[in-house]
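Visitor: Would you mind keeping the following structure in view while I ask a few things?
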Amino acid sequence: MYYVALLPCVFSSLVASFFANEFGISPESFHIMKIPPISIEVAIKVALLAIICGIISSIFCTILHLTSDMYAKYLPNRYIRVMVAGCIIVALTLLLGTRDYNGAGIEVIEQAFLGKVVPYAFLLKMIFTALTLGAGYRGGEIVPSFFIGATLGCFLGQILDLSPSLCAGLGMAAVFCGVTNCPITTLLISFELFGFEGIPHFLIAVAISYMLSGYSGLYHGQKIMYSKYKARYINMNTKDLI
């Protein structure tokens, strides 16, 4: 926690919220239809989901960085790079016959909370995002991580016989935490998006995902101050630790 930034962050958040409200922009929220009481069985299932999400988040970050490096190596001209990447994305979109994996994909996230997404949706979103951002297009990595987490969580919920709606929310939180290395922020976002009823479930998912996502991250310049596994000060950034 970087406490010197607390006051500026609070101030900027309130200002942003005020302007958003004035423009009629309401915050996103997702309804979890069924949250089972926490128990040993449920906790184990949530832990298994978090383990998989932590691993997937690390793989996602690695794919993003490797794709960017490969584009730079084989297509050093930035203009040719974005043109080729654009053609690849268009070709894949036509091949799949859907635009679900273009753009933010909020509609697909909402379907995940209803248990109505294909099992491989998270994998396709990882590929589309890596091909797009790696080439130099900009549009954000956070919402794609929500998409990946929600669709992966929905799929795992069906396997684990746990509410796909709950697992979609847990997947969103776990993958987001894994790619950003920000567990406290993830918990606060979870409360905002899903309410407070599932606090124990989200605590388990975020803690395990954070520990098992390794030292990869979306942003090369991010500092990891302490080891995730030992009481040791490391003070390194994610680029050095990949």
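The values are calculated or read from the model by the stated rules, or taken from the named source; none is laboratory data. Because the structure is a prediction, the values reported are computed rather than measured. Ideal geometry is used to build each Cβ from the backbone, glycine not excepted, and the neighbour counts take in all protein chains shown. The protein model used for the area step is the full one, side chains on, heavy atoms only, and it has no ligands, DNA or RNA in it. Shrake-Rupley method; radii C 1.70, N 1.55, O 1.52, S 1.80 Å.
Every residue, every condition in (1) in contact with an Asp or Glu (Cβ under 6 Å, 6 or more places away or on another chain); (2) more than 21 Å from residue 107 (Cα to Cα); (3) not polar (S, T, N, Q), yes or no:
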site: 154; (1), (2), (3): no, no, yes
site: 160; (1), (2), (3): no, yes, yes
site: 187; (1), (2), (3): no, yes, yes
site: 208; (1), (2), (3): no, yes, yes
site: 214; (1), (2), (3): no, yes, yes
site: 218; (1), (2), (3): yes, yes, yes
site: 221; (1), (2), (3): no, yes, yes
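Visitor: Taking residue 116, is it basic (Lys, Arg) and crowded, with 22+ Cβ neighbours inside 10 Å?
Guide: no
Visitor: Right, another one. So, restricting to helices (runs of 4 or more DSSP H) that lie completely within segment 92-195, which ones have at least 2 residues that are out of contact with any helix residue (DSSP H, G or I) (no Cβ under 7 Å at 6 or more places or on another chain), charged (D, E, K, R) and more than 25 Å from residue 224 (Cα to Cα)? Before the answer, list the steps.
Guide: Values: elements: 106-112, 121-134, 142-160, 164-180, 183-194.
Result: 106-112.
Visitor: Only one residue in 151, 180 is modelled with pLDDT of 95 or more, of a type in the set (Ser, Thr, Tyr), within 16 Å of the chain's Cα centre (by Cα) and on the phi < 0 side of the Ramachandran plot, so which one is that?
Guide: Every option except 151 fails the conditions.
Visitor: A further question follows. Check residue 107 against each of (1) over 14 Å from the mean Cα position of the chain (by Cα); (2) open to solvent by 40 Å² or more (accessible area, probe 1.4 Å); (3) under 24 Å from residue 162 (Cα atoms); (4) in contact (Cβ under 8 Å) with a residue 12 or more places away in the chain and name the one condition it does not meet.
Guide: (4)
Visitor: Just give me the residues in segment 7-28 being within 22 Å of the chain's Cα centre (by Cα), open to solvent by 80 Å² or more (accessible area, probe 1.4 Å) and among the polar types (S, T, N, Q), in sequence order.
Guide: Scanning segment 7-28 gives a single hit, 26.
Visitor: Being open to solvent by 60 Å² or more (accessible area, probe 1.4 Å) and either touching a Phe, Trp or Tyr at 6+ places or on another chain (Cβ under 6 Å) or part of a loop (DSSP other than H, G, I, E, B) (or both) is the filter here, so list the residues in segment 209-220 that pass it.
Guide: 219, 220
Okay, residues lined up against (1) surrounded by 21 or more Cβ atoms within 10 Å (Cβ to Cβ); (2) acidic (Asp, Glu); (3) in contact with a Gly (Cβ under 9 Å, 6 or more places away or on another chain):
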residue: 141; (1), (2), (3): no, yes, no
residue: 159; (1), (2), (3): no, no, no
residue: 170; (1), (2), (3): yes, no, yes
residue: 176; (1), (2), (3): yes, no, yes
residue: 198; (1), (2), (3): yes, no, yes
residue: 202; (1), (2), (3): yes, no, yes
residue: 207; (1), (2), (3): no, no, no
residue: 222; (1), (2), (3): no, no, no
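For every residue, the table says whether it meets (1) closer than 20 Å to residue 124 by Cα; (2) surrounded by 15 or more Cβ atoms within 10 Å (Cβ to Cβ).
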residue: 53; (1), (2): yes, yes
residue: 57; (1), (2): yes, yes
residue: 63; (1), (2): yes, yes
residue: 67; (1), (2): yes, yes
residue: 73; (1), (2): no, no
residue: 76; (1), (2): no, no
residue: 79; (1), (2): no, no
residue: 87; (1), (2): yes, no
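Visitor: Could I ask something else about it? So, in segment 123-147, how many residues would count as being closer than 28 Å to residue 161 by Cβ and in contact with a Phe, Trp or Tyr (Cβ under 7 Å, 6 or more places away or on another chain)?
Guide: Qualifying residue count for the region: 5.
Visitor: Next question. For segment 221-242, enumerate the residues that are part of a loop (DSSP other than H, G, I, E, B) and more than 29 Å from residue 27 (Cβ to Cβ).
Guide: Just the residues of segment 221-242 that are part of a loop (DSSP other than H, G, I, E, B), to begin with: 221-222, 227-232, 242.
Passing the criteria: 227, 228, 229, 230, 231, 232, 242.
Visitor: Another one. Just checking, how many residues over segment 149-185 are in contact with a Leu (Cβ under 6 Å, 6 or more places away or on another chain) and β-branched (Val, Ile, Thr)?
Guide: Within segment 149-185, residues that are in contact with a Leu (Cβ under 6 Å, 6 or more places away or on another chain) and β-branched (Val, Ile, Thr) number 1.
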